[in-house]
Amino acid sequence: MQTITLTTPIYELPNVSRLHVEKLEILGVHNVGQLLVHLPHRHEWIRAQSGLGDLEVGVIGSAIGEITATKLSGYGRKKRFQAVLMDETGRLELVFFNQAYLAKKLHVGMHLHVQGKPTRFGPGLQMNSPKYSIVPFDEAQNLNMDQEDEYRPVYPASEGITSEQIRTIVRTVLDQACALLEDHLSEPYRKERELPTLGQAYRMMHAPESEADVASARRRLAYDELLMLQLGVHMKRAHLRRTLKAPPLARTPEINERILARMPFALTPAQQRVVDEISRDLALETPTNRLVQGDVGSGKTVVALDAMLLAIAHGHQGALMAPTELLAEQHYLSITEMLKGSSVRVELLTGSMPSSDREQVIEQIASGDCDLVIGTHALVSESVAFHSLAVAVIDEQHRFGVEQRAKLRVKGGQSAMSNCDGETPHVIVMTATPIPRTIGLTIFGDLDISTIDQLPPGRTPVITKHVTPEKRSTVYHWVNEKIKGGDQVFIVVPAIEPGGKEGAVRDLRSLKAQLEGGELHNCHIAALHGRLKRETREHIMHRFRAGKIDCLIATTVIEVGVDVPNATVMVIEDADRFGLAQLHQLRGRVGRGEKTSVCVLIGNPKTEDGIARLKAMVETNSGFDLSEKDLEIRGSGDVFGTRQSGTPPFKVADPLKEFELLEMARRDAGHWIGESPNLDRPEDALARRRLLKAHGQWLGLGDVG
Ligand code: ADP
Ligand code: MG
């Protein structure tokens, strides 16, 4: 056989047809190396040939027997051929659908070798459309019974090439290719962790001899994936630690007193703990990079405000960035209210402000005439440069669009908000979509995470109901009663205007007209959505807060930040159209006062996921439980946001299930980077090269070292 390398194109391999080359290329396999990493997604256990009586339900097996009876039944296209197979040990029924020609091919007295997964059939077993071959009589006499169990890899295949064909092609290069693989882990390192070599791992993955082989191979490959990511994250952090400096912000008793005096309420113990954690970070010169997670309504705003006031107390600036204009406006209003009478100068900066106003604010930001600025992603536009930004807070980070998130990450996890003098601010990121701990560790490595795991006192849990659309009218009659009793109501719809598209959804315009002319004819209804002008929006929110509007029909613009304690009813139309996190956020708009609140989900879910989401909403009020549920429903790939954000996906590792492996990789990566921060020792060269190839780009590691 010709000598091959890992870069040998598959079209140069002998015995691979042109068609298969084409099909493999569609699967992203162009050369031998890529063929090696085209891993089987599972393994089938195929039992060695046995007697018919030894076959087991649900386990692929094979056996040889004699046909003792046949039968063709059914009519037209629905013909069914049955045969009975027997040997000394037992009996097996075979069934084939739509293969009437078999009646002419298989006869009583023939010996047949079959392979398939038996199911229970009456007192015996049955195989449905098994693979079969006719065994000549003389061969049937001396059966080859010493064949062994096989763990057969099943490959991601596509039209035009089957898993079995891929298996055959892989087999032809496997030994040679695996021998060529260099390992980036040294022998002692591997021994200590009981890991096979890379070559062994790939061999065992493609041609295992036992279940233990598959497990060992998976463990090595999963470990590598986790290790590489952790090395990348640690390397990046080490680099930032060395090169970036932020202003240290000590919390003196005097400053502490001044800040506390501004808080309209006593912090919950959970808030206090997070404030303390943040304060410890901020006191250092190393730029803070902390994620604060807390369920909807857990009181993240004051925690952010606290950190920004600390910056201002030290003569620097603070900035708070929100994902929507409405939320920025809400924050601006509530924060100016809290700071009334203080010397802190607060400004708002959004994209829809008249340009003269905007320019003025940008100037104040640059000159230091403004201490605290609240805004949208307008804050990271090129024209904005801060005089001396020390604390940057990104609120509801998960709500920022893909592009904006990429932009926020520009400087490798550090804030894209920048200072005139190039100093780095401390960054605090807030999210109400709690990240399960495992995922958090995986993505962020040793990014610090604080959790506000407690709601402020005096909240009553929201009652959640799911109703089908036929009950809509009953729901709105009940809504009318609630409004008569003095409550206020949110109604959320997926669209602003009638779409006319297939599978059309409720829209704001039609529903408003319908309710005004029907169930809610005596109520004051207003519409709120993202296309309204800022003044109009503010005016509507102001009137709603003042109780002049009974019912707000809105799109998901109200998802975050809206805080009106007297609103006790949330109706969500076409609820199954929304994601679980989004539904939970919307529900978080009610249940903010002492009165009992109700959330009604109207929907007729068509998919299993949709049904599962609504069920989860009815069953729990906890954002943490929901995010775990969400993970179950969607699978971890989606939570990583792999398709959107470019976070590297794992092919083998499942950090949710392999928590110990993840911990091990994390520890190992920490030590490794501790000893060799840039991985520039000769023995690290291979690991470094593979790391940069896998994660260099998205981690922005190009400039490291
Ligand atoms: P979120 O975490 O969803 O951003 P907010 O910061 O908007 O939550 O807080 C929700 C509501 O709870 C606000 O009205 C806020 O004033 C109130 N709140 C926050 N902390 C406390 C507290 N410790 N005691 C009483 N009310 C609080
Ligand atoms: Mg908030």
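Note on region 462-620: with charges restricted to the Cβ of Lys and Arg (+1) and Asp and Glu (-1), its dipole about the Cα centre is near 320 debye. Using Cβ point charges alone (K and R +1, D and E -1), the dipole size of the chain about the Cα centre works out to roughly 1660 debye.
Placing +1 on each Lys and Arg Cβ and -1 on each Asp and Glu Cβ, with no other charges, gives region 55-141 a dipole about its Cα centre of roughly 740 debye. Of the peptides 661-669, 566-574, the order by per-residue mean of other Cβ atoms within 10 Å, starting with the highest, comes out as 566-574, 661-669. Rounded, prolate or oblate: pick one for region 55-141, where a ≥ b ≥ c are the square roots of the eigenvalues of its C-alpha gyration tensor, a/c under 1.5 means rounded, and failing that, prolate if a/b is larger than b/c, else oblate. Oblate, since a/c reaches 1.5 and b/c is not below a/b. Bridges between two residues of the chain, per DSSP, are antiparallel at a rate of about 40%. When the inverse distances between all different Cα atoms of the chain are averaged and flipped, the Kirkwood radius reads 30.1 angstrom.
The H on the amide N of S50, modeled in the peptide plane, is under 5 Å from the matching H of S62, A63, I64, each at least 5 residues off or on a different chain. Treating the angle as unsigned and between 0 and 90°, give the value, to the nearest 10°, between the Cα long axis of helix 325-338 and the longest Cα principal axis of the chain. It is inclined by approximately 40 degrees.
Adding -39500 (n - 2.57) for every DSSP H run of four residues or longer, then dividing by how many residues the chain holds, sets the calculated 222 nm ellipticity at -11500 deg cm²/dmol. Between the Cα long axis of helix 608-619 and the first principal axis of the chain there is an angle of about 50°, rounded to the nearest 10. If you line up the long axis of helix 163-180 against the longest principal axis of the chain, both from Cα atoms, how many degrees apart are they, to the nearest 10? Compared with the principal axis, the helix lies near 80 degrees. Of the trypsin sites (Lys or Arg not before Pro) found in region 337-399, those that fall in a DSSP loop while having at most 14 other beta-carbon atoms within 10 Å are K340. For L348, the residues 5 or more places off, or on other chains, whose built amide H falls under 5 Å of its own are I374. Relative contact order for the chain: 12 percent, from Cα pairs under 8 Å spaced at least 6 residues apart, divided by residue count. Report note on the peptides 604-610, 688-694, 8-14: ranked by the mean count of other C-beta atoms within 10 Å, highest first, their order is 688-694, 8-14, 604-610.
No lab work stands behind these numbers, since they all come straight from the coordinates. Remember, predicted model here, so these are calculated numbers, not experimental data. When we count neighbours, we look across all protein chains shown, and the Cβ atoms used for this are built from the backbone with ideal geometry, even at glycine.
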